[in-house]
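Data first, discussion second: the structure below is written as structure tokens.
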Amino acid sequence: MTEARTDIGSSDHDLRLSACPACDAAPLAERIAQRAVKTGELVLSLPTVHCATCITDVERALAAVPGVWSARVNLSLRRVSIEAPGLAAHDLIPVLDRIGYEAHELDPAALSATAADRQGRDILMRIGVSGFAMMNIMILSVAVWSGAEAATRDLFHWISGAIALPTVAFAGRPFFASAWRALRAGRLGMDVPISLALILASAISVFETAQGGRHAYFDAAVMLCFFLLVGRYLDYRTRAIARSAAEELTALEVPRAVALVGGQETAVAVADLVPGDLILVRPGARVAADGIVVTGTSEIDRSLLTGESLPVQAAPGLALSAGEVNLTGPLTLRVTAAGRDSSLARLTALVAAAESARGRYTSVADRASRAYAPVVHLLALASFGGWLGVTGDARLALNVAAAVLIITCPCALGLAVPAVVTAASGRLFRRGLLIKDGTALERLANVDTVVFDKTGTLTLGMPQVAAPEALDPAARPVAAALAGASAHPLSRALAAALEGVGPAAVEDLREVPGYGVEGRWQGQMVRLGRADWIGTDEAAPGPASWLRIGDRVQRIDFTDRLRSGAEACVAALRRRGLRVMLLSGDNAGAVADIAVRLGISEWRAGVLPQEKAAAVAELSRDGAHVLMVGDGLNDTAALAAAHASISPASALDAARVASDMVLLGSDLAPVAEAVGVARSAARRIRENFALSVLYNIVAVPFAVAGFATPLMAALAMSLSSVSVTLNALRVR
Amino acid sequence: MEVLVFLIPVSLGLGALGLAAFLWALRSRQYEDPKGDAARILSKEWDDRPRPAPDKDNDGS
């Protein structure tokens with residue numbers, strides 16, 4: 001409701017700016033219309049939709065809600081966009097929940113899908129134009145190759161030219177633009193020889209046609225555009241899919257905080273918070289800005305920031321950092337630093353610095369193109385000079401040089417990497433692993449050491465009762481009643497363990513935020529909560545809760561639940577011969593427990609964030625290629641320092657930004673699979689380069705010797721491109 | 001060979017037609033959700049157009 005109020009307020013402001021008299025006559029209608037524009041479109045993420053029935057179910061359920069104008073599911077992006085002026089996401093999420101679909105609100109501001117779409121459509125349009133031009137020119141070229149003579153040949157060449165020149169000018173624009181940028185920066189990229197070949201081939205062909213010559217390379221020029229654009233598009237698609245999913249992860253956290261303005265709760269954007277503001281942090285919510293607790297007591301989960309699995313008690317005066325999660329009671333904070341100055345943002349900046357260090361990695365493709373451009377130019381220049389010197393015929397020499405440029409043009413080279421990366425990342429995406437960085441696959445293929453974080457990575461960060469059977473049967477109903485009254489993670493775990501036990505009739509149940517739950521049962525006081533509150537000084541090795549019934553006190557131990565697939569993942573990585581390590585900021589007992597359960601022999605506990613990064617750096621210095629898998633803020637520096645890095649989707653934004661790959665599901669098994677796919681992809685990339693080089697070795701001597709014909713160029717170009725693409729599909 | 005006078009324009013015209021169809025499909029956003037379109041063909045729901053907007057009474061304030 002608060003949102004609606006802010007919107008009307010701001011549309012009032014807009015109204016004053018508009019100078020149309022009709023608006024003043026019908027201010028209410030205008031306001032409603034304004035609001036429709038502003039809040040009309042909602043975007044929800046639907047991670048579980050996958051089939052035709054899901055589309056129908058979701059759309060029908062949403063359309064049945066009064067106020068919903070339209071709902072359209074996009075299955076490729078797993079999203080639904082809803083036009084529902086006056087409704088908010090929290091009105092619609094329960095509707096979907098009831099029919100069994102998980103839904104999350106997405107922040108439309110964080111989804112810049114339209115800009116990305118436009119770029120994709122732009123490349124597709126150029127592919128379409130060059131494809132249709134290529135087909136038409138090819139029809140005419142086939143006639144010339146099969147023996148059209150004299151006037152007919154010239155006519156066909158002229159028609160080809162009339163189609164090819166505008167096509168090359170339009171479809172080749174991305175290459176010309178990028179080549180021009182490279183030249184101005186004093187570099188020779190892959191696009192310089194491409195542009196040179198396109199321009200030279202078109203110019204020579206026009207000249208030859210005007211002279212009534214036998215060979216014209218219009219088909220080759222257009223075909224070059226087509227194949228290279230396909231390579232560009234594949235490359236773009238891979239990045240666009242990764243980016244849109246990454247954006248979606250960011251958009252999941254709608255950056256809103258509840259501020260107290262004059263005693264009233266108002267929803268404000270986190271970016272608008274300034275030091276001195278009072279914000280309310282409800283139980284279960286993430287702290288939006290750094291601040292000091294003013295009122296309220298609660299417990300704080302710091303695991304994402306420090307890796308500790310035990311909650312910290314919060315009382316007035318305690319300083320909290322953005323990103324921590326409030327567990328039990330509502331807290332009011334006075335903001336000390338917000339947005340750019342908050343500790344979270346400062347750490348993110350540190351990560352950005354570490355990231356640029358990894359930017360030094362040059363991909364195989366970059367290295368290949370760096371070596372390639374000078375070689376091609378020298379070769380073309382040498383054949384021009386050679387033929388000019390031997391025959392003294394500039395026209396012939398130029399023809400040969402153009403043929404060399406066309407034949408060596410990196411059609412296959414341009415497809416070699418994008419085709420493999422597309423095939424591999426598509427495969428990993430279906431298994432729930434998102435690749436954010438183009439060179440990530442290559443780096444992942446070299447990995448020989450895997451370093452895991454514990455809390456939130458190998459474990460879910462969700463406690464479970466260590467030994468449910470050890471709990472006194474007589475006390476179980478009381479424990480169930482007390483646990484059921486609280487939303488604290490330990491209570492919820494206890495309630496889950498005691499499912500099926502009928503809760504005892506405990507009266508006067510109340511939760512004391514930050515301490516526990518208490519009530520009265522059969523005339524005696526019963527409590528479930530912290531040791532000091534229960535009245536015992538017993539210490540526990542890990543997370544624990546104490547139950548007091550009258551005078552009897554009982555300890556309930558909890559362990560962290562392993563992420564599904566964690567055991568299989570560690571075992572599979574070891575089978576592949578990788579060294580597996582565990583570095584955690586948690587205490588030794590908890591870490592040792594997990595290490596033993598997973599069979600990891602190398603582990604360290606109580607590791608500080610900078611020590612993690614240092615440990616990774618030291619491993620790298622010793623020649624190891626480290627894959628870091630982590631989720632917390634304490635892992636970000638290590639994630640950025642590692643050779644390759646993966647973080648789960650539940651990780652903090654900063655950690656996801658720092659890593660190359662994001663694990664979308666909760667299962668850890670794809671991590672081991674990713675290493676296999678990456679190695680297979682690296683092998684295919686090398687094979688593809690070998691194929692392209694082989695084709696050049698065979699074709700270039702013909703071109704230099706002056707035997708190349710347009711037919712040969714066309715055949716060689718399409719054969720190499722198709723073989724490279726087919727080879728890429730073999731990624732397993 | 002006189003037939004070429006007709007055949008060449010015809011072949012070019014067909015090509016242009018195909019290109020125009022492709023550009024139309026691209027501009028009307030028919031490549032936005034290939035997976036969804038593949039699934040929708042199996043559904044009996046009428047979804048040719050967005051549902052016509054209901055009167056403003058429903059628009060809760």
**OP:** State the Cα centre-to-centre distance between segment A:643-691 and segment A:136-204 in whole Å.
**Re:** 39 Å
**OP:** Could you point to the residue in A:TRP387, A:ASN634, A:ALA423 farthest towards the positive end of chain A's charge dipole, with +1 and -1 charges on the Cβ of Lys/Arg and Asp/Glu respectively?
**Re:** A:TRP387
Subject >> Mean ellipticity per residue at 222 nm, deg cm²/dmol - from DSSP H runs of n ≥ 4 across chain A, formula -39500 (n - 2.57) >> reply: -17500 deg cm²/dmol
Original post:
About the Cα centre of chain A, what is the dipole size in debye to 20, counting +1 per Lys and Arg Cβ and -1 per Asp and Glu Cβ, all else neutral?
Top reply: 2300 debye
Subject >> Rel. contact order, % - alpha carbon contacts under 8 angstrom, at least six apart, segment A:628-732 >> reply: 20 percent
Original post:
So what's the angle, to the nearest 10 degrees on a 0 to 90 scale, between helix A:394-408 and the longest Cα principal axis of chain A?
Top reply: 30 degrees
**OP:** Could you order peptides A:150-162, A:220-232 by the average number of other Cβ atoms within 10 Å of their residues, highest first?
**Re:** A:220-232, A:150-162
Subject >> Listed residues A:ALA595, A:ALA658, A:VAL287: farthest to the positive end of the dipole of chain A (Cβ charges) >> reply: A:ALA658
**OP:** May I ask for the angle, rounded to the nearest 10°, between helix A:670-705 and the longest principal axis of chain A, with both axes built from Cα atoms and the value confined to 0 to 90°?
**Re:** 10 degrees
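For segment A:463-561, rounded, prolate or oblate, judged on the Cα gyration tensor with a ≥ b ≥ c (square roots of eigenvalues), a/c < 1.5 rounded, else prolate if a/b > b/c?
Rounded shape, in that the Cα axes give a/c under 1.5.
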Original post:
Between A:GLY523, A:ILE549, A:VAL512, whose Cα lies farthest towards the positive end of the dipole of segment A:507-560 when Lys and Arg beta carbons carry +1 and Asp and Glu beta carbons carry -1, centred on the Cα centre?
Top reply: A:GLY523
Original post:
Any idea what the dipole of segment A:463-561 comes to, in debye rounded to 20, about its Cα centre with Lys/Arg Cβ at +1 and Asp/Glu Cβ at -1?
Top reply: 120 debye
Original post:
Average partner chain C-beta neighbours within 10 Å, per residue of A:82-92?
Top reply: 2
Original post:
Ranked from highest to lowest mean number of other Cβ atoms within 10 Å per residue, what is the order of the peptides A:95-104, A:716-725, A:641-650?
Top reply: A:641-650, A:716-725, A:95-104
Subject >> Angle between chain A longest axis and helix A:173-184 axis [Cα atoms, degrees, rounded to 10] >> reply: 90 degrees
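Can you give me the relative contact order of chain A as a percent, contacts being Cα pairs under 8 Å and 6 or more apart?
12 percent.
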**OP:** Within the set of other residues whose C-beta is less than 14 Å from the C-beta of A:LEU471, count the net charge using Lys and Arg as +1 and Asp and Glu as -1.
**Re:** 0
**OP:** Give me the compactness ratio for chain A, meaning the Cα radius of gyration over 2.2 N^0.38 Å.
**Re:** 1.20
Subject >> Interchain or long-range residues, amide H under 5 Å from A:SER76's placed H >> reply: B:LYS35, B:GLY36
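Mind ranking A:119-127, A:453-461 by how tightly packed they are, going by the mean number of other C-beta atoms within 10 angstrom, highest first?
Ranked by mean Cβ neighbours within 10 Å, highest first: A:453-461, A:119-127.
Laboratory data are not the source of any read-out in this text; all were calculated from the coordinates shown. Quantities reported herein were computed from a predicted structural model and do not represent experimental measurements. FYI the Cβ positions are ideal-geometry reconstructions off the backbone, even for glycines, and counts take in every protein chain you see.
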